[in-house]
Amino acid sequence: MTNFKTEIKRINGYLKEVTTFLDSSGNPIGHVMNPIMTELKPRDIYQIFIGAIIFGAPLCYTEEIWNLSQELIIDKVHMLNGVGLFVLGLFVYTNFYRFKLKGNIINFIKRTLGIFIITLATISMFLFLIDKLPYETDAILCYKRVSLISFPALFSAAISDMLR
């Protein structure tokens with residue numbers, strides 16, 4: 001039967017959980033390293049941006065989304081954002097912080113809000129580039145359109161952030 005020892009180390013600037021397996025005499029026989037993704041690094045921001053683009057860009061081109069954003073009442077948009085933020089928080093918690101929340105609450109909030117804000121900014125930028133973000137004439141429509149497209153893009157962004 002083998003024993004093991006687990007420790008947290010910073011390797012190449014990233015936190016890693018290093019599990020060392022020991023034989024019966026206490027000598028190491030193998031190592032397993034798993035990333036601890038409790039810190040939001042520039043690489044993570046880039047991955048969130050790419051993930052939001054992957055799912056959000058195709059939706060930005062659809063006329064159905066443009067029309068739905070005009071018809072949707074503002075209260076439903078607020079609820080959509082609230083549900084998106086809540087489900088995103090659950091996803092981030094279960095995949096990044098489930099056993100590491102103690103001492104990392106600020107990082108949890110930073111990562112959740114970071115994914116949310118980066119996704120909103122990415123979708124806003126893309127809609128602006130294709131001239132479908134009427135920010136000068138109809139700010140409410142901008143908010144609705146960005147929120148509607150960002151909802152599914154949030155989860156694409158979160159999943160791409162999870163990849164290593």
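The values are calculated or read from the model by the stated rules, or taken from the named source; none is laboratory data. The structure displayed is predicted, hence computed values, not measured ones. Here the Cβ is made from the backbone with ideal geometry for all residues, glycine too, and neighbour counts use every protein chain on show.
From the residues in segment 143-164 that are touching a Leu at 6+ places or on another chain (Cβ under 7 Å) and hydroxyl-bearing (S, T, Y), which one is surrounded by the fewest Cβ atoms within 10 Å (Cβ to Cβ)?
S147
Looking at segment 3-33 only, could you name the residues that are among the small types (G, A, S) and farther than 19 Å from K100 by Cβ?
S24, S25, G26, G30
Any idea which residue in segment 6-22 is nearest to N107 (Cα to Cα), counting only those that are at pLDDT 85 or above and surrounded by 12 or more Cβ atoms within 10 Å (Cβ to Cβ)?
Taking the candidates together, the pick is V18.
How many of the residues in segment 74-128 are touching a Leu at 6+ places or on another chain (Cβ under 8 Å) and of a type in the set (S, T, N, Q)?
4
Scan I109, I117 and give me the residue that is under 13 Å from S150 (Cβ atoms), without any contact (Cβ under 8 Å) to a residue 24 or more places away in the chain and under 12 Å from the mean Cα position of the chain (by Cα).
Result of the check over I109, I117: I117.
Considering only segment 1-40, state which residues are under 29 Å from I159 (Cα atoms), out of contact with any strand residue (DSSP E or B) (no Cβ under 7 Å at 6 or more places or on another chain) and part of a loop (DSSP other than H, G, I, E, B).
Hits for segment 1-40 are N12, G13, M37, L40.
Kindly establish whether Y61 is surrounded by 11 or more Cβ atoms within 10 Å (Cβ to Cβ) and closer than 22 Å to A139 by Cα.
Yes; evaluated as a whole, the condition is true for this residue.
Out of the residues in segment 23-42 meeting the condition of being in contact (Cβ under 8 Å) with a residue 24 or more places away in the chain and of a type outside the set (S, T, Y), tell me which one is farthest from I105 (Cα to Cα).
Only one residue fits best here, namely I29.
Could you pull out the residue among I106, I140 that is surrounded by fewer than 19 Cβ atoms within 10 Å (Cβ to Cβ) and modelled with pLDDT of 95 or more?
Being surrounded by fewer than 19 Cβ atoms within 10 Å (Cβ to Cβ) and modelled with pLDDT of 95 or more holds for just one of I106, I140, which is I140.
Looking at Y135, Y143, Y97, Y93, can you tell me which residue is touching a helix residue (DSSP H, G or I) at 6+ places or on another chain (Cβ under 6 Å), under 27 Å from D44 (Cα atoms), in the same structural domain as F49 (by TED's automatic domain parsing) and not hydrophobic (A, V, I, L, M, F, W, C)?
Within the list Y135, Y143, Y97, Y93, the selection yields Y97.
Show the residue pairs that are 6+ apart or on different chains and have beta-carbon atoms under 8 Å apart, the first residue being within segment 143-164 and modelled with pLDDT of 95 or more, the second being of a type in the set (K, R).
Listed pairs, sorted by first residue: R145/K132.
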